[in-house]
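Encoded as structure tokens, the structure appears first; notes follow it.
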There are 2 protein chains.
Amino acid sequence: MASTDSLKLGDYLFTRLRQLGVNSIFGVPGDYNLRLLDYVVPSGLHWVGNCNELNAAYAADGYARLNGLSALVTTFGVGELSAANGIAGAYAERSAVVHIVGTPPRALQSSRALMHHTFSDGEYRRFAAMSTHITAAQTNVMDSVTAPDQIDWILQQALIHCRPVYLEIPDDMGDVLVSAANLKTALRVPSVPSAPHEPKVVARILERVYGAKKPVIFVDGESRALGILDQLDALIKATGWPTWTTVYGKGLVNEQLPNVYGLYAAGFGDQPAKEYFESADLVLTFGPHYSDTNSYFYTTVPKSAAAISFKDSTIQIENDIFRDLSASDVLAQLLQTLDSTRLVKATGPPKVEITTSDIQGSDIIAQNNFYRLLNPLFREGDIILTETGTASYGGRSFKLPPNSRLFGAVTWLSIGFMLPATLGAALAKRELNKATGGKNQTVLIIGDGSIQMTAQEISVMIKEKLDILIFIINNEGYTIERVIHGRNQAYNDVPFWRHTQALTYFGADEEHIKNSTFQAWTCGELQEVLKNEQVHSGSGVRIVEVFMEREDVQGPLLYLLNKQIAEEKEQEQPGQ
Amino acid sequence: MASTDSLKLGDYLFTRLRQLGVNSIFGVPGDYNLRLLDYVVPSGLHWVGNCNELNAAYAADGYARLNGLSALVTTFGVGELSAANGIAGAYAERSAVVHIVGTPPRALQSSRALMHHTFSDGEYRRFAAMSTHITAAQTNVMDSVTAPDQIDWILQQALIHCRPVYLEIPDDMGDVLVSAANLKTALRVPSVPSAPHEPKVVARILERVYGAKKPVIFVDGESRALGILDQLDALIKATGWPTWTTVYGKGLVNEQLPNVYGLYAAGFGDQPAKEYFESADLVLTFGPHYSDTNSYFYTTVPKSAAAISFKDSTIQIENDIFRDLSASDVLAQLLQTLDSTRLVKATGPPKVEITTSDIQGSDIIAQNNFYRLLNPLFREGDIILTETGTASYGGRSFKLPPNSRLFGAVTWLSIGFMLPATLGAALAKRELNKATGGKNQTVLIIGDGSIQMTAQEISVMIKEKLDILIFIINNEGYTIERVIHGRNQAYNDVPFWRHTQALTYFGADEEHIKNSTFQAWTCGELQEVLKNEQVHSGSGVRIVEVFMEREDVQGPLLYLLNKQIAEEKEQEQPGQ
């Protein structure tokens, strides 16, 4: 029975996304999604047309990491497969991206018509099958009766898992009428039912908390997906306990608090920090994610005797795993119960302060001075993105201002990601600031190898009038690959580009181009650039190209480089 | 038992590729493939480092369409998934691309280590599972004893199917010793055993051939995969029968022969050609591929009563399908047996000649004059690539010189493909010309929407010192999408770029830049540009930006545009 309380499916979908706080949507038009795209702007969403689908997926990921949810629209086959790597990255690093794919009209699919964007063999389910490996949930909207529930379900899955989902909309479905009834109720992430063992778990944690003599709070990046960042802030303040983060957790806690130490790097970092951390009798661990790259080859993983770990629906105390619990609910009870008079006053190791007094203006720019010179640029609420490579390692030493966010190289490490992610994050931040009237910088630091992967998205940054400051580290190729293997091999070279021409090529206004591109070889030159008003407080896209030596690396990368050099020497002197 | 007759697996793989005529290899370095890449240059292969993996896959596809086989190397997860759309396109349009993926070392895989480029969950088989949907065969080389046979098998599969294959090499396998025994025997595509029904099929075809009163030869693009292009040339010459091609077949036959008519477009083309074709009593059809886009919405498909179709291992006569036959073997027998005195002297319809006499110098450049003005530029052996969009439709009317090749929009239609494919094709042609001393042009015609997808690969063309002439049609966005749907919608716009700055940004020599970028708005200006020596006989990458109107289209695109305008008018006047 047709109801008057109905609307077009396209309106339904985009209204739901709007209700969930999505204000912009990414993607590329294609002939199987054009009809659906007609509903984007009327729904109040802003359409961001990206240069290609991989860039769209990266941008959507960046947007979701700030906004909580994002969406991109691609077309069947050619579009969705181009986005696959970006969607997989969103899965690996927990970003709730709704991948909407416009597919051929139902009549063509059911008749197995030999259409373009297929293998011309009548098979239409290949790409959906591929998506099952890189998304948390999938649905294909083929029926007007089931459509609203299917859409609600898939959006909930994205939010519950904080991972990408895959939503197929046949070309002829966007215009179909569906029931509007669901829209009256806001979509919610279902709460975890209180498990019978929860009080026992809370009691056992409290016992350990009150008994701790040398406690640590250790924040990893899945804390964002667990939705406990505000609670962690309260816990860090309430306990005053020494707090570190992983690479993935960096930027999720306020590094200006006296008890927050920034990143914990075990043997690759500060020695007193390592000694303190390793001798701790309690490590309250939140959102752990122990990939090799996020844990300095597993050396930062707390020993299980000391650790209490809050994960997705489980809490681990020593070797006991308690399931079906909500990290947020348990943390709420802890915070409510916590008697601060019973907590040990833990004094952590001395803090390492960032100084620049040893840097001379005539010094060439290098990994060991660049990040320190940059640090004063950052202000409260800024977004700082450090692309996989030397930039990501360098960014680990930043002392971040409050409410800022840092994107680094966690686990997926897809070079090329960070530039479109910058677009997405800057856009999300601008929208989030609309309510508060705030204004923030978005700063990207990226190498000359990585930028070649996705450089065209600079043109979309320009089109969207975003205020983005880009530092390009020009060190003649893939330095991170060189230090891993093949430091003198040509396969680690990249073509020569004139980065100072980017704004011209990518269509910036002529007025803007004049004062928005900079180069620096020495620290003095860099300091001059950083004093320029258009750099520290300007608008639009600004590019600063800094030059460093080919094999200039630090930390774990230096360790790898030295190992390679030692191996070369051994091979040169086989008899010895 | 270890044999002295052994070599490193990396050497084995690349030696095999060299034996099969692969001289260059595409890809992007990544930490799981670096050790394998050490074997590329020593094997005599040229390494082409692409700007990203999708571009590498596209380039490898372009190379394979000329060379018969190609390879690219990517890294686990991030690299291979970025290439997925390019690999799928190679599947859809039959390009033998060997996708070599460097995966984590065996020890890490078998211990389910939580490594970067995974989802940090111990699962290593996800991406290989995805590859099964878009490649003809897959193998994972984990054992030194089975490795040589695995490699031989997978390379054979690529050649047999003329489609992409997926080859995983763990990071620690490249250095492993394997038997060299297989290398003494050249890899061959197994021949099809002569089926008992073959003589009957040949006789039945001959009967139809001798009985035909109004015959047609119809060459579609899978003829290339069937390996029958030389035989078709002989057949076309021996019969003198009117010959047409599809979109996909265009460029595979010599259009300068008096009986070759170029492309058959049914109702979208020349009316006398349609009348002749549709009244034919025999349509010898080779390599049919009936996607909507390759067959003008199936209107060029010959009626089954007239058609004899040569396909992969089957021949169809009317409605009878004979299996397990080789198109090449059957064709060889036909050519050997053919008694030309018994063939009808078929006179086809009058040919449509290309004239430019109606074009005035002051005319603005438009779809209906651009391709005609360009046509005299092409010389024997040239490669002409027309990107999906208006360029691909326009290129269908070219009268091609002998031995030239044309790439058009067949079925996969992934915009962005054509630019890196141009890199691959130009490189393959240069290598193929080395033996003959020939020199050819490679000419790309591409729109301002498509070029934004993969523009960075221009820098690799420059680095590789390839001679490529690029015409960019600037018509303010995705005109092909506009005419399909949403002609006034902002989602079909693209950011503004200054294409004349491409050579500067992408690192060409300053001397070269000065005389290698051109713009034209009128036909007179275009004619002047085409007279420039650096355009018609120059070297390096040259860019000509031509401006056309937003909605300037022809043929089926004009039909779609007019349909859309009619619908708009209907919506404006709902009462009528």
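Key figures for this structure:
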read-out	value
Ascending list, in nanometres, of distances separating the A:Ala238 label from those of the other copies (7 Å, Cα toward Cβ)	8.9
At 0.890 mPa s and 25 °C, Stokes D of the stretch A:6-184 from Kirkwood alpha-carbon radius, µm² per second	156
For the stretch B:204-277: span of alpha carbons on each principal axis (Å, largest first)	32, 29, 21
Fraction of beta bridges assigned by DSSP in the stretch B:198-342 that are antiparallel (%, nearest 5)	35
Ascending list, in nanometres, of distances separating the A:Ala435 label from those of the other copies (7 Å, Cα toward Cβ)	6.9
Per-q log10 I(q)/I(0), the stretch A:308-459, q = 0.14 Å⁻¹ (Debye; single scatterer per alpha-carbon; no solvent)	-0.97
Dipole magnitude of the protein assembly as shown, debye to nearest 20 (Cβ charges: Lys/Arg +1, Asp/Glu -1, about Cα centre)	880
Dipole moment magnitude, nearest 20 debye, the stretch A:275-366 about Cα centre, only Lys, Arg, Asp, Glu C-beta charged	220
Summed buried accessible surface, chains A and B, 1.4 Å probe, nearest 100 Å²	6600
Amide H within-cut-off set for A:Gly30, under 5 Å, with H built and near neighbours excluded	none
Protein-protein interface of the stretch B:376-414, residues with accessible area decrease of at least 20 Å², isolated chain reference, 1.4 Å probe	B:Thr411, B:Trp412, B:Leu413
Most to least packed among B:533-539, B:191-197 [average Cβ atoms within 10 Å]	B:533-539, B:191-197
Calculated over the stretch B:383-456: convex hull of Cα atoms, volume per residue (Å³)	88
The protein assembly as shown: calculated mean residue ellipticity at 222 nm from DSSP helix runs of at least 4, using -39500 (n - 2.57)	-10500 deg cm²/dmol
Label-point gap, in nm, between A:Lys184 and B:Trp153 - each point 7 angstrom along Cα→Cβ	6.2
For the stretch B:446-489: rounded, prolate or oblate by the Cα gyration tensor [a/c cutoff 1.5]	prolate
Across the identical copies, how the B:Ile565 labels are spaced - nm, sorted shortest first, 7 Å along Cα→Cβ	7.0
Euclidean distance of C-alpha centroids, the stretch A:376-414 and the stretch A:437-508, integer Å	15
Value of Rg to Rh for the stretch A:367-562 (Rh from inverse mean 1/r over Cα pairs, i.e. Kirkwood)	0.95
Amide H partners (placed H, <5 Å) of B:Leu385, local residues excluded	B:Phe407, B:Val443, B:Leu444, B:Ile445
Cα radius of gyration and Dmax for the stretch A:53-146 (Å)	13.9, 43
Kirkwood estimate for chain A, i.e. one over the average of 1/r between Cα atoms, Å	25.4
Largest-first ellipsoid semi-axes for the stretch A:198-342, taking √(5λ) over the Cα gyration tensor eigenvalues, angstrom	21, 16, 15
Overall Cα dimensions of the protein assembly as shown, principal axis frame, Å, largest first	109, 90, 61
Rg/Rg_globular for the stretch A:59-113, with Rg_globular taken as 2.2 N^0.38 Å and Rg from C-alpha atoms	1.33
Percent antiparallel among DSSP beta bridges (both partners in chain B, rounded to 5)	15
Cross-link pairs B:Lys200/B:Lys274; A:Lys429/A:Lys531; A:Lys250/A:Lys569; B:Lys274/B:Lys569; B:Lys274/B:Lys345; A:Lys465/B:Lys514 - those with Cα-Cα distance over 28 Å	B:Lys200/B:Lys274; A:Lys250/A:Lys569; B:Lys274/B:Lys569; A:Lys465/B:Lys514
Estimated FRET transfer efficiency (A:Arg342, A:Ser191; beta-carbon r; R0 30 Å; 0.05)	0.50
20 Å reach of a label modelled at A:Asp312, 7 Å along Cα-to-Cβ, counting backbone N of the stretch B:108-122	B:112-122
Expected-Rg normalisation [2.2 N^0.38 Å, Cα atoms] applied to the stretch A:457-522	1.39
Label point 7 Å beyond Cα of A:Ser279 along Cβ direction - residues of the stretch A:286-324 with amide nitrogen under 17 Å	A:303, A:306
Normalised per residue, the volume of the convex hull around the Cα set of the stretch B:134-290 (Å³)	172
Residues of the stretch A:30-60 buried by at least 50 Å² on assembly (accessible area, 1.4 Å probe, chain alone as reference)	A:Leu34, A:Asp38, A:Cys51
Chain-alone versus full-assembly comparison, the stretch B:266-309, residues with accessible loss of at least 50 Å² (1.4 Å probe)	B:Asp292
Magnitude of the charge dipole, the stretch B:448-531, Cβ model with Lys/Arg +1 and Asp/Glu -1, debye to 20	140
Share of Cα-Cα pairs in the stretch A:278-390 lying beyond 17 Å, as whole percent	74
Inter-centroid distance (Cα atoms) of the stretch B:122-172 relative to the stretch B:200-239, Å	36
Interchain or long-range residues, amide H under 5 Å from B:Leu282's placed H	B:Lys214, B:Val216
For the stretch B:293-330 and the stretch A:1-70, distance of Cα centres in Å	43
Peptide B:112-125, shielding by other chains (average Cβ, 10 Å cutoff)	5
Mean accessible surface per residue for chain B, computed with a 1.4 Å probe while every protein chain stays in place, in Å²	36
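The values are calculated or read from the model by the stated rules, or taken from the named source; none is laboratory data. Predicted model only: the values in this text are computed from it and were never measured. Because the Cβ atoms are built from the backbone with ideal geometry, glycine has one as well, and the counts that use them run over all protein chains shown. What goes into the accessible areas is simple: the full protein's heavy atoms, side chains included, and nothing from ligands, DNA or RNA. Shrake-Rupley method; radii C 1.70, N 1.55, O 1.52, S 1.80 Å.
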